[in-house]
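Below: the structure, in structure tokens.
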Amino acid sequence: SDLFKVTEKYCIRKYGEEKGKQMWDKIKYDRGKSSRYEYYVEKYGDEAPQKWAERFQSKNKHCNSKSSSISSLNKIIEEFLNQNNIEFESEFVLWEINYHPRYYDFKIGNILIELNGTFWHADPRKYKETDILKFPGTEGVLAKDIWEKDKRKKNLALNNGYQIIYYWELEITNKNEFDKIKEELINYAISENKINKKDSN
């Protein structure tokens, strides 16, 4: 009946916690809505990584606030890259062992560029490791835990053979510092042969 929809809560109530979750996983799998990476491998084969990435990108579009400082930083850098005919990828994905995606703001050739907001990445120039940042939906996150998470993300990039460059909000919003950043970005693009010469006139 259209009036009756099987949910995870229903399965747990009917079959108990453990078996109910197993039954719900099977139902999701049969519906093609499984959140397990193995399902994507079985269904899409070689296209599984791309499909998996698209799934998270679509989900993240609904979660990211357009008013957040990190979003505005991305717009500034993306506009500069486009104006200077620099080829790049945004929201570049690398996968951890547990198939958890890690997104990097920009990729120019073999160089990954991360833009770190003062608050969201607990800029060490402003925060101590014991400071607690009140992220939305949390009771608070220690600055040192944010740094550790970013460190793991950095190591993932390095272990996959990428260089990784960081720019902070305080640098991008300072005119003199931003002029240096723009020069660096052009040099990175030249070194990676990522300036689109046919559109540069």
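The values are calculated or read from the model by the stated rules, or taken from the named source; none is laboratory data. For clarity, every value in this text was computed on a predicted model and none was experimentally measured. Virtual Cβ from ideal backbone geometry, glycine too; neighbours counted across all protein chains shown. Ligands, DNA and RNA are stripped out before the accessible areas are found, and what is left, the full protein with its side chains, is counted by its heavy atoms. Shrake-Rupley method; radii C 1.70, N 1.55, O 1.52, S 1.80 Å.
Quick look at the values:
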read-out: Debye, to nearest 20: dipole size of the stretch 90-181, +1 on Lys, Arg Cβ, -1 on Asp, Glu Cβ; value: 160
read-out: Cβ-derived FRET efficiency at R0 41 Å, I195 paired with D123, nearest 0.05; value: 0.85
read-out: Total formal charge among the other residues, if their Cβ is under 11 angstrom from that of G140, Lys/Arg +1 and Asp/Glu -1; value: -2
read-out: Kirkwood hydrodynamic radius of the stretch 122-161, from inverse mean 1/r over distinct Cα pairs, in Å; value: 11.0
read-out: Highest-first arrangement of 146-152, 14-20, 136-142, where packing means the average Cβ count within 10 Å; value: 146-152, 14-20, 136-142
read-out: Accessible area per residue, Å², the stretch 84-201 with all protein chains present, probe 1.4 Å; value: 60
read-out: For the stretch 146-201, the fraction of alpha-carbon pairs in successive 10 Å shells from zero, as %; value: 19, 34, 38, 8, 1
read-out: Added length on full extension, which subtracts the Cα-Cα distance from 0.36 nm per residue, F80 to K28; value: 14.4 nm
read-out: Potential extension, D46-L158 segment - 0.36 nm per residue separation minus Cα distance; value: 37.9 nm
read-out: Volume per residue that the Cα convex hull of the stretch 101-145 spans, once the total is divided by residue count, Å³; value: 103
